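Participant: Structure provided below as structure tokens; questions to follow.
Just so you know, all these numbers are worked out from the coordinates, no wet-lab data involved. Note that the structure is a prediction, hence the values are computed from the model and not measured. Positions of Cβ are generated from backbone atoms using ideal geometry, with glycine treated the same way; all protein chains shown enter the neighbour counts.
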Amino acid sequence: MAVLYHNPRCSKSRQALTMCQDSKMDVEIHLYLDEPLSYETLLSLIERLDGESKMAIRFKDKKFKLADSSELDVEDNSSIALFLSKNGHLMERPWLDVGTATAIGRPVENLLRYL
């Protein structure tokens, strides 16, 4: 079963949810802001990410400037996972986990090859 890490307030995340539902793929919806992800889960998602690891962080979010990113090394998966475990609201979304790989839906068409 695939997992969509979803934020219902995000238009791209809502688009991804619709795409998943239309695909008839069995997808579990995880509201990551309500149920924060562990460091281990984040590290696993990042290590299987189709693309650069730093894509996992919402750098353009206003709250990023307020977060303590002094220890963040965007070239290190462990560092990114640790940062996101403390700042889950800065995780890029939507994020689809199909088991063997993960993809971030920016743009949402990035998810099509997995649906």
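Participant: In deg cm²/dmol, rounded to 500, what helix-only [θ] at 222 nm does the chain give when every DSSP H run of at least 4 residues adds -39500 (n - 2.57) and the total is split over its residues?
Facilitator: Numbers: 4 runs with 37 residues, N = 115.
After summing the helix terms and dividing by the residues of the chain, the value is -9000 deg cm²/dmol.
Participant: Right, next: Within 10 Å, at most 15 other Cβ atoms, and a DSSP state outside H, G, I, E, B define an exposed site. Report the longest part of the chain free of exposed GluC sites (Glu not before Pro). Spell out each step's value before the answer.
Facilitator: Details: sites that count: GLU52, GLU71, GLU75.
My reading of the result: 1-51 is the longest stretch.
Participant: What does the extension gain come out to for LEU66 and GLU35, with contour length at 0.36 nm per residue minus their alpha carbon separation?
Facilitator: Details: separation 31, 0.36 × 31 = 11.16 nm, distance 2.20 nm.
In short, 9.0 nm is gained.
Participant: Continuing with the same structure: Check cross-link reach from LYS63 to the lysines: straight Cα distance under 29 Å, and skip same-chain residues fewer than eight apart.
Facilitator: LYS12, LYS54, LYS86
Participant: Can you compute the modelled spin-label distance between ASP50 and ALA101, with each label point 7 Å from Cα toward Cβ, in nm?
Facilitator: Calculated label separation equals 0.4 nm.
Participant: Turning to a different aspect of this structure: With a cut-off of at most 16 other beta carbons within 10 Å, and DSSP calling the residue loop, which chymotrypsin sites (Phe, Trp or Tyr not before Pro) in the range 17-115 qualify? Please list them. Walk me through the numbers on the way to the answer.
Facilitator: On the way: sites: TYR32, TYR39, PHE59, PHE64, PHE83, TRP95, TYR114; in loops: TYR32, PHE59.
Answer by residue number: PHE59.
Participant: Further question: Each residue of the range 81-92 in turn: what ³J(HN,Hα) in whole Hz from Karplus with 6.51, -1.76, 1.60 and θ = phi - 60°, glycine and Pro shown as x?
Facilitator: Going residue by residue, I get 4, 5, 4, 6, 5, 9, 9, x, 5, 9, 6, 5 Hz, with x marking Gly and Pro.
Participant: Hey, another quick one. R0 = 35 Å: FRET efficiency of PHE59 with LYS24, Cβ-based, nearest 0.05?
Facilitator: Numbers: r = 34 Å, r/R0 = 0.98.
That pair, PHE59 with LYS24, gives E of 0.50.
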